[in-house]
Amino acid sequence: MSERPELASGFDHVEAWVFDLDNTLYPADCNLFAQIDRRMGEFIATSFDIPLEEAQRLRETYYYEHGTTLAGLVRLHGTSPHAFLDYVHDIDLSAVLPSPVLAAALEALPGRKFIFTNGSRKHAEAVAGRLGVSGHFEDICDIHALEYIHPKPKREAYERFTSTHGVVAARAAMFDDLPHNLETAHLFGMTTVLVHGVTNHPEHQAMAGWTELPAHIHHRTDALPAFLAAIVTSLAGGKTIADGVSLQAQLCLT
């Protein structure tokens, strides 16, 4: 793929750092979504007393038509969001390992930091706890705050997030693994960063056919912790700190 360089410069204007959760703060190869997808299918199969295969087809249909499976279930069936989210996020998080490099980079980034997810706050807190980054975020904007039927990438989700937290989009950077979420962020005026990972998600698979990055994606990285460390170094003007070690190197050795 011919792509723009993976530069960590051009973030001097950023005052708010906004991170998706799944497959963004942790590497996609943790493959938590395989567990979540399975449990969504099980929940639907049990709720409607239908075969699992049919339930999985319904899950996909609602995802593509409503933005999330939950939004479709709430809109069309009045499903309890709490029951759904508690069930689907009851998963094994052992694949998510502590990331001291990510924690150090988040701590060093100047400005406000948020998690902006279509998952639940409870799930986000559990994952952040596994990564060792719980104390580095001002708040979590989750699917409860989006009232279940206004998930990313809907414009309403970004309006709610920015207005609730007083975030100026033109001074924010959005990190996400799904290009369609970044498309809305770009329309709002955010600087966008694609955190590239490979799973069975159709949008991840489609990236393999890209010959260049879409115009709405300003930056791309395969390794979020190192990319954030490079941003920190860029914002510090590449200055060295203790013992003549660059800030980026110190972060990567933490």
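The values are calculated or read from the model by the stated rules, or taken from the named source; none is laboratory data. All values derive from a computational prediction rather than experimental measurement. Every residue, glycine as well, gets a Cβ built from its backbone with ideal geometry; the counts of neighbours run over all protein chains shown.
Looking at region 92-100, can you tell me whether even one residue there is in contact (Cβ under 8 Å) with a residue 40 or more places away in the chain and not in a loop (DSSP other than H, G, I, E, B)? Yes, that holds for at least one residue. Residue check: is K122 touching a His at 6+ places or on another chain (Cβ under 8 Å), modelled with pLDDT of 95 or more, of a type outside the set (G, A, S) and under 20 Å from Q35 (Cβ atoms)? Criteria met by K122. Select from region 181-216 the residues that are at pLDDT 95 or above and among the small types (G, A, S) and list them in ascending order. Across region 181-216, the qualifying residues are A185, G189. Of the numbered criteria (1) surrounded by 17 or more Cβ atoms within 10 Å (Cβ to Cβ); (2) of a type outside the set (S, T, N, Q); (3) within 19 Å of N31 (Cα to Cα), the one L146 fails is (3). The listed residues are V88, V96, V74, and the only one of them that is on the phi < 0 side of the Ramachandran plot, out of contact with any Lys or Arg (no Cβ under 8 Å at 6 or more places or on another chain) and of a type outside the set (G, A, S) turns out to be V74.
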